[in-house]
Structure formats: structure tokens, C-alpha cells
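Just below is one structure, and these are the notes that go with it.
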Amino acid sequence: LTTRQVLDLAENGRSLFDLTRVLPGVVYTGGLGGIQANGNRGNQNNFTLDGVTNVDTGSNGGTLATTNIDMIAEMKVITNSQPAEFGRSSGAQIEVVTRSGTKDFHGAGYFFHRHEDLNANSWRNNVDGRQKDYYRYNTEGFNVGGPAFIPGKFNKNRDKLFFFMGIEWQGQL
């Protein structure tokens with residue numbers, strides 16, 4: 001999946017693992033350990049972030065670090081017949097490469113607001129005369145990238161060293 005595909009896919013909750021739902025042979029129930037690919041156990045998955053294994057083996061398959069989906073440049077999931085370089089696990093191999101900076105500065109900010117007042121009531125609640133269920137989530141964040149330089153002293157042409165960073169806050173009220 002490319003950056004554009006990752007951002008365009010409709011998913012609930014802004015978790016990069018939610019993107020595995022669109023793959024054939026995958027049953028997803030939440031988190032890295034909740035991915036069962038082609039009948040393999042959920043604790044047999046391997047997740048690499050920029051080429052480094054990012055699995056907490058002490059928690060039976062959790063992740064050590066996560067990234068927001070706006071920072072993903074590329075995501076690749078291999079569900080069977082992995083090459084020898086992925087010899088750690090028999091389940092799905094999930095590779096994520098984060099975005100990098102460019103010669104010019106770029107950035108984005110976002111705010112996702114979810115509230116029960118913005119939702120319709122369910123059919124069952126309407127029949128029973130009940131109010132909508134309490135449902136409040138806020139997700140805000142930003143990403144910024146560009147060249148790392150000191151004018152006139154270091155990386156003058158802005159073509160050697162780049163940075164990209166992003167921060168996301170998730171609030172449940």
C-alpha cells in the first residue's frame with residue numbers, strides 16, 4: 001500500500017493494523033496479536049518498522065512502538081511463504097516504512113472529532129425510546145518534514161539531510 005492508498009482507505013480508529021482487514025485470508029480482531037493470516041496464530045506475526053523488528057515478545061505479540069497512519073510511506077503484508085529474511089515468525093509479516101523529509105518543507109495538521117450528536121440513533125434504541133449511546137473520541141496531530149540545514153554553514157543546498165516527524169494525540173472523553 002502506498003501513502004495515498006493508506007490515507008484513502010476508510011478505517012475506524014486510525015490504527016495501521018486496521019488496514020489488514022482488506023487483505024484476503026486475514027481475520028482481524030484488534031492489534032498485532034489480533035491478526036490471523038491464513039489460519040496462523042495471532043502471536044506468530046512479525047511487525048517491522050523501518051526494517052527493525054517491533055514486536056514485544058514478552059507480551060505475546062504486542063508492539064513496542066506505533067506510528068500514526070499519516071507517517072506511513074509504504075506498508076507491505078506477506079501472509080505466507082515469506083523469504084528467509086523473515087525467519088522470526090510463521091504468521092503474517094507486516095513491513096512499514098515511514099515517510100522521509102524532502103528538499104522543501106511540508107506539513108499537515110488534523111483534528112478528527114467523533115461525538116454521539118453527529119451520529120444517528122440505532123433502530124433498536126429508537127424502538128425502545130432510548131437515547132444514543134455515549135460515543136466521544138478526539139484525535140489530533142500534525143506531521144512536518146523538510147531539510148535539516150544551517151544557512152550558509154551546513155547542507156546549504158538542502159539535498160543531504162532530511163527529517164520527518166509526526167505527533168498524534170488520541171482522547172476518549
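Of the solvent-accessible surface of the range 1-158, computed with a 1.4 Å probe over protein heavy atoms with every protein chain present, carbon and sulfur atoms account for 50 percent.
Under 19 Å of direct C-alpha separation, and excluding same-chain neighbours fewer than eight residues apart, LYS160 reaches these lysines: LYS103.
Give the ranking of ASP133, ASP56 by solvent-accessible surface, highest area first, calculated with a 1.4 Å probe. Display every interim value, and only then the final one.
Values: ASP133 105, ASP56 55 Å².
Output order, biggest surface exposure first: ASP133, ASP56.
Per residue, the range 1-141 exposes 59 Å² of accessible surface when a 1.4 Å probe is rolled over the protein heavy atoms with every protein chain present.
Using a 1.4 Å probe and counting only protein heavy atoms, arrange HIS106, HIS113 so the residue with the most accessible area comes first. It would help to have the intermediate numbers written out before the result.
Numbers: HIS106 115, HIS113 90 Å².
Sorted descending by solvent-accessible area, the residues read HIS106, HIS113.
The values are calculated or read from the model by the stated rules, or taken from the named source; none is laboratory data. Note that the structure is a prediction, hence the values are computed from the model and not measured. SASA here: full protein model, heavy atoms, side chains in, ligands and nucleic acids out. Shrake-Rupley method; radii C 1.70, N 1.55, O 1.52, S 1.80 Å.
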